[in-house]
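Participant: Submitted below is the structure of interest, expressed as structure tokens.
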């Protein structure tokens, strides 16, 4: 995998969620994703940055684009020092929610993207990594 | 980005012009409810043609708008949800089932006209 480009958006206030969406829209477009895939990536980015803001108050979204052979892809990593997730398997199950939300954040984002990894420690924070491949 | 709200007869038409922050959505909710009350509107069309993404917060706020307007005795129709937005929404599990949707402004107006005709009978 060759790294092409990278950057980050700090999530400190509600308006940063929209900022993250805008940044990811531009990146996905530039990489050559179609409108349906772009909408999926942007929607996932919105939910995951919302989780950061809602549960941890602040955090960061790091993005990178890469190529692997013929394929291009984008990776988004959301990191916070919030309360963490006690049971990650439970958290990605349908209908799960602890924050009075709709319980669609993690399982929904997983469906919108190709790959998802969650690394979380209670009391330390959470790191959610998602990837989507641009197959042309 | 502020959402302009136009009055057309006994209806209101709110046309989203582009990306909306959470604050924009809450402002739209307050502005629409205030206008529905002040103008004694019978129906509201919310045109989302220009909206590029609908996440859980946007979806919940739109459902709340429709609920509040319904409790006031008026009807709401959401029009113009783009196919890629609909695709992402369903993947996310957001179906807006309780809210009436229509293809475009014309269909939305036809729905409201039909609804007020039924109410008169």
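The values are calculated or read from the model by the stated rules, or taken from the named source; none is laboratory data. All values reported here derive from a predicted model rather than from experimental measurement. Every residue, glycine as well, gets a Cβ built from its backbone with ideal geometry; the counts of neighbours run over all protein chains shown.
Participant: Please tell me if residue A:90 is modelled with pLDDT under 95, farther than 23 Å from residue B:22 by Cα and not in a loop (DSSP other than H, G, I, E, B).
Facilitator: Details: modelled with pLDDT under 95: yes; farther than 23 Å from residue B:22 by Cα: yes; not in a loop (DSSP other than H, G, I, E, B): yes.
Here the answer is yes, as residue A:90 does meet what is asked.
Participant: Going residue by residue through the stretch B:79-91, is there one that turns out to be under 12 Å from the mean Cα position of the chain (by Cα), modelled with pLDDT of 95 or more and part of a helix (DSSP H, G or I)? Reasoning before the result, please.
Facilitator: First, the residues of the stretch B:79-91 that are under 12 Å from the mean Cα position of the chain (by Cα): B:79-81.
When the remaining residues are screened for being modelled with pLDDT of 95 or more, the result is B:79-81.
Now narrow it down to the ones that are part of a helix (DSSP H, G or I): none.
For the stretch B:79-91, residues under 12 Å from the mean Cα position of the chain (by Cα), modelled with pLDDT of 95 or more and part of a helix (DSSP H, G or I): absent.
Participant: Which one of the conditions (1) crowded, with 16+ Cβ neighbours inside 10 Å; (2) within 14 Å of chain A (Cβ to nearest Cβ); (3) more than 25 Å from residue A:26 (Cβ to Cβ); (4) in contact with a helix residue (DSSP H, G or I) (Cβ under 8 Å, 6 or more places away or on another chain) does residue B:19 fail to meet, given that it meets all the rest?
Facilitator: All conditions are met except number (3).
Participant: Identify, by number, the condition in (1) assigned to a helix (DSSP H, G or I); (2) more than 14 Å from the chain's Cα centre (by Cα) that residue B:52 doesn't meet.
Facilitator: Evaluating residue B:52 over (1) assigned to a helix (DSSP H, G or I); (2) more than 14 Å from the chain's Cα centre (by Cα) leaves (1) as the failure.
Participant: Here are the criteria: (1) without any contact (Cβ under 8 Å) to a residue 40 or more places away in the chain; (2) in contact with a helix residue (DSSP H, G or I) (Cβ under 7 Å, 6 or more places away or on another chain); (3) more than 14 Å from every other protein chain (Cβ to nearest Cβ). Tell me which single one residue B:4 does not satisfy.
Facilitator: Result: residue B:4 passes all but (2).
Participant: Turning to a different aspect of this structure: Suppose we keep only residues that are within 13 Å of another protein chain (Cβ to nearest Cβ), surrounded by fewer than 18 Cβ atoms within 10 Å (Cβ to Cβ) and at pLDDT below 90 within the stretch A:93-133. Which one would you say is nearest to residue A:36 (Cα to Cα)?
Facilitator: The extreme case among them is A:94.
Participant: Can you pull out every residue in the stretch B:22-50 that is farther than 17 Å from residue B:63 by Cα, buried (at least 20 other Cβ atoms within 10 Å of the Cβ) and within 14 Å of chain A (Cβ to nearest Cβ)?
Facilitator: Answer for the stretch B:22-50, where residues must be farther than 17 Å from residue B:63 by Cα, buried (at least 20 other Cβ atoms within 10 Å of the Cβ) and within 14 Å of chain A (Cβ to nearest Cβ): there is none.
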